[in-house]
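The values are calculated or read from the model by the stated rules, or taken from the named source; none is laboratory data. Values in this document were obtained by computation on a predicted structure and should not be read as measured data. All Cβ positions, glycine included, derive from the backbone under ideal geometry; neighbour counts span all protein chains shown. Ligands, DNA and RNA are stripped out before the accessible areas are found, and what is left, the full protein with its side chains, is counted by its heavy atoms. Shrake-Rupley method; radii C 1.70, N 1.55, O 1.52, S 1.80 Å.
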Amino acid sequence: MSQNYERRPHEETSNGISKRGDKVVEVEEKLENGVDSDMPDKLKMTKSLVIRKAELMAKQYDSWYLRSLFLLSAFICSFGYGLDSNIRDIYMTYAMNSYSTHSLISTVGVISQVISAVAQIFFAGMSDVFGRLSLFIASIVFYVLGTIIQSQAFDVKRYAAGTFFYNVGLVGVMLQVVLILSDNSSLKWRLFYTFVPAWPSIITTWVSGNVVAAANPEENWSWSIAMWAFIFPLSCLPLIGCMLHMRWRVRNDPEWKELQAEKSFYQSHGLLKTAVQLFWKLDVLGVLLLTASVGCICVPLTLAGGVSTSWQNPKIIAPLVLGFVLVPIFIVWESKFALVPMAPFKLLKDRGIWAPLWILFLVCFVYAMAAGYLYTILLVAVDETDLSATRIMNLYAFVTAVFAPFLGIIVARSTRLKPYIIFGGALYFVTMGHFYRYRSGKESDKGIIAAMVVWGICSGLFDYPINVSIQTVTSHENMASVTALGYTIFSIGGAVASAISGAIWTQLLYPKLLQLIGDSDLAQAAYDSPFDFIVENPWGTPLREAMVEAYRYVQKYEVLVALVFTVPMFLLSFFIRDPQLTANVAQSLEEGEYVQTKEDDPINDWFAAHFSTLRHEKD
């Protein structure tokens, strides 16, 4: 369905941000499927108002020192949630160990990824209605609430409840930071700005290990989580201050005063009618169907194995059946009944959108498969300390952060993304090959470190540019939607991978431990609480060697799945579009257009020319 409002004449400013007229004219067209567009169009008026205000605010920071201050504020905020995320994932491992439910790491991971997928859609839609700053503050509140619940949880169910609120907040904060950075950058410098949340890894990679080592996580993981309920909001204050300062500087601008005089849908119609509009705009029913389907399929896969398999248990079968039944229902709803689908067909049918979306799914899928249990592997099967294991886990982020500024400048000068993406996709094979070769033994640490270094380069060349690529082909009005859709697909990829990874782990590990150890009680102790077990059975003892062999066996299948799916991920990189990056904040599209299709694509042109020649020779 069409999501375009009638465009007014506009002029381009020196920095490429468009200056539009005074009013938004409601669309009078019918939707492609025959449904009246009156309901969603009213919120499009508000969306346009929010976007125009964001453009005017961005123009206030037009000097190098104000832009530097803005980037520093975003850096401090990213440092807060980045350091917290690094150590919280590790503390989750210790929390599961303390509950004697270590194998449920993948289950909690699935829940986290599903929540993240849903939250992306809601936050993107609502940020276009209520503004970036309002949603940023709301996300901080969810973040703090989830942190408090997690820190006080004394079983896995309560911890999972805290994880729900924490992930909603984390996803909201990360998305709003990305959108705020995107609103304040041109396409040419978009990748450089997008890398800002990665820069803190230069510090957190080394600091996080010391924090974990000093905190005695086996005993103090609860307090180590709780302290972020007040540390993280403090790290957000500089960015909030910059946003408020932008508003203060723009207050006397004539165009801003005109925008202030325009009323949003909420101001004109009140809370109840706005809630009804949001219900359709956010496609609440479609999101719930997607959530229920992915959750019902993925979660049981992580619960059916273990000390005893339970595939015949109705509690496992029923959710699986329900999940698969909901898939066609979701498709029918999105294609036939949803007034505002998660993504219009005109967007999804273009390779500039669907290729990056599939790649984002596979990027998170490959990561979750290869590294889902890597911290445990490092401690149990490679005999690393808490400090060294934490640093190794975060090493790829450090490499990306060091590499990022240089790549961002190079891309801004070359004004192309696709060549770097293809090269980064090829390097993924090197990374996965290292992970397959080095799975256990003291000598494996060097191989895993090398894999992490290459992975960091891959992330800089591949993962981040893919996120930017999807923004370079559409308008500013659709930027939040496609960005959130990309992160949603990314999270679903992680959820699917966590489910498959958990299924492999739970189905294969305990039988292998039992086979190698030969004692069911000892095998169960090694399976349920591996960190306690390795303290009692240090490196070199027969029981520890059996445990190492079992971990090596299971990790082989985890990495093999990741390696197989690296192939389509690399091939899809040839299908993305490669528009020239300009000084504009987004593409200026004609009426009715969703994606910029008129662009030079040297790599595609080269392949088309050569394959055309081959076909001609065969003929």
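Here are the numbers for this structure:
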item: Index of the failed condition, I87 passing every other in (1) under 17 Å from L239 (Cβ atoms); (2) modelled with pLDDT of 80 or more; (3) open to solvent by less than 20 Å² (accessible area, probe 1.4 Å); (4) not acidic (D, E); result: (1)
item: Residues satisfying the stated conditions in region 504-529, i.e. touching a Ser or Thr at 6+ places or on another chain (Cβ under 6 Å) and open to solvent by less than 30 Å² (accessible area, probe 1.4 Å); result: T506, S529
item: Single residue of region 289-311 satisfying the filter (within 28 Å of the chain's Cα centre (by Cα), within 21 Å of Y527 (Cβ to Cβ) and open to solvent by 30 Å² or more (accessible area, probe 1.4 Å)) that is modelled with the highest pLDDT; result: V299
item: Residue list for region 433-459, filter: part of a helix (DSSP H, G or I), touching a Phe, Trp or Tyr at 6+ places or on another chain (Cβ under 7 Å) and open to solvent by less than 20 Å² (accessible area, probe 1.4 Å); result: S444, G447, I448, A451, M452, W455, G456, C458, S459
item: Flag for N220 being modelled with pLDDT under 80 and in contact with a helix residue (DSSP H, G or I) (Cβ under 7 Å, 6 or more places away or on another chain); result: no
item: Matching entry among V382, V366 (being under 24 Å from the mean Cα position of the chain (by Cα) and touching a residue at least 24 places away in the same chain (Cβ under 8 Å)); result: V366
item: Residue in region 595-611 that is under 23 Å from the mean Cα position of the chain (by Cα), open to solvent by less than 30 Å² (accessible area, probe 1.4 Å) and modelled with pLDDT under 85 present; result: yes
item: Neighbours by Cβ (under 8 Å, 6+ apart or cross-chain): first from region 498-512, in contact (Cβ under 8 Å) with a residue 24 or more places away in the chain and part of a helix (DSSP H, G or I); second of a type in the set (D, E) and open to solvent by less than 20 Å² (accessible area, probe 1.4 Å); result: S501/E558; I504/E558; W505/E558
item: Scan of region 246-273 for residues that are under 30 Å from K336 (Cα atoms), touching a residue at least 40 places away in the same chain (Cβ under 8 Å) and open to solvent by less than 30 Å² (accessible area, probe 1.4 Å), ordered by number; result: S264, F265
item: Test: S68 is in a helix (DSSP H, G or I), buried (at least 22 other Cβ atoms within 10 Å of the Cβ), modelled with pLDDT of 75 or more and not aliphatic (A, V, I, L, M); result: no
item: Qualifying helices (runs of 4 or more DSSP H) (wholly inside region 156-242; at least 2 residues being buried (at least 19 other Cβ atoms within 10 Å of the Cβ) and in contact with a strand residue (DSSP E or B) (Cβ under 8 Å, 6 or more places away or on another chain)); result: none
item: Residue in region 424-447 that is more than 21 Å from A389 (Cα to Cα), modelled with pLDDT of 90 or more and of a type in the set (F, W, Y) present; result: yes
item: Long-range neighbours under 7 Å by Cβ, at least six apart or interchain, first residue under 20 Å from V411 (Cα atoms) and part of a loop (DSSP other than H, G, I, E, B) within region 560-579, second open to solvent by 10 Å² or more (accessible area, probe 1.4 Å) and at pLDDT 90 or above; result: S573/I422; F574/I422
item: Where F574 falls short, out of the listed (1) closer than 30 Å to T474 by Cβ; (2) of a type in the set (F, W, Y); (3) surrounded by fewer than 15 Cβ atoms within 10 Å (Cβ to Cβ); result: (3)
